[in-house]
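K.L.:
Starting off with a structure, shown below.
The values are calculated or read from the model by the stated rules, or taken from the named source; none is laboratory data. Remember, predicted model here, so these are calculated numbers, not experimental data. A quick note on method: Cβ atoms are made from the backbone with ideal geometry, for glycine too, and the neighbour counts reach across all protein chains shown. Surface accessibility is based on the protein's heavy atoms, side chains included, excluding ligands, DNA and RNA. Shrake-Rupley method; radii C 1.70, N 1.55, O 1.52, S 1.80 Å.
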Amino acid sequence: MKYFLEKYIKEIGAHFLTAGNVAQTNSGVNDNGRVFYAYASFYPQELDLIIQLSRLEDGGCQVVAEIMNQEGKGDEEIFNFVDEWFSLEKELNARRDELIVRVLSRLKHAL
């Protein structure tokens, strides 16, 4: 899952770079054993996209995507759902367009 998340978040950042919506992006993934955090930071808008995958006790996973300014304020949830680990890649790919539209809207408002 970590490899998929790294690739997914880099592709989101590259989309905005290619489209000319941002001048620079930085991304990465952290794993503390129970929670995966993927992030992409967009400049000059200074906004962060964060996708968090949390393992649930029943074996499922909660996925939350949000965008916020780099001071941790003004956060906006993009999506929040619970699914099984085996279908997360499919579900995240299905929500990719929604994610891009919501991030793009926020980037435009940040300028």
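K.L.:
Per the 1.4 Å probe, what fraction of the accessible area of the chain, in percent, lies on carbon and sulfur atoms?
P.N.:
Carbon and sulfur: 46 percent of the exposed surface of the chain.
K.L.:
Taking a probe of 1.4 Å, how large is the accessible area per residue of the stretch 23-111, in Å²?
P.N.:
That works out to 56 Å² for each residue.
K.L.:
Next up: Under the classification rounded if a/c is under 1.5, otherwise prolate if a/b is larger than b/c and oblate if not, where does the stretch 1-50 fall, given a ≥ b ≥ c as square roots of the Cα gyration tensor eigenvalues?
P.N.:
Oblate, because a/c is 1.5 or more while a/b does not exceed b/c.
K.L.:
Of the listed values [x] 0.96; [y] 0.94; [z] 1.86, grab the one calculated as Rg/Rh (Cα atoms, Kirkwood Rh) from the structure here.
P.N.:
Correct label is [x].
K.L.:
Full-extension gain between M1 and F86, please, as 0.36 nm times their residue separation minus the C-alpha to C-alpha distance.
P.N.:
Here the segment from M1 to F86 would lengthen by 29.7 nm.
K.L.:
Pulled fully out, how much extra length does the chain show between N30 and E46, if you take 0.36 nm times their separation in residues and subtract their Cα-Cα distance?
P.N.:
Here the answer is 3.8 nm.
K.L.:
Using only Cα atoms, tell me the angle between helix 2-19 and the longest principal axis of the chain; keep it within 0 to 90° and round to the nearest 10.
P.N.:
Here the helix axis deviates by roughly 20 degrees.
K.L.:
As a check on your grasp of the helix formula, calculate [θ] at 222 nm for the chain: sum -39500 (n - 2.57) over DSSP H runs of n ≥ 4, divide by the residue count, round to the nearest 500.
P.N.:
That comes out to -11500 deg cm²/dmol.
K.L.:
Let me ask another. Quick one: grab the alpha carbon gyration tensor of the stretch 45-105, order the square roots of its eigenvalues as a ≥ b ≥ c, and give me rounded if a/c is under 1.5, else prolate or oblate depending on whether a/b is larger than b/c.
P.N.:
Oblate, since a/c reaches 1.5 and b/c is not below a/b.
K.L.:
Rounded to the nearest 0.05, what FRET efficiency is calculated for L56 and A23 with R0 set to 35 Å and r the Cβ-Cβ distance?
P.N.:
0.35
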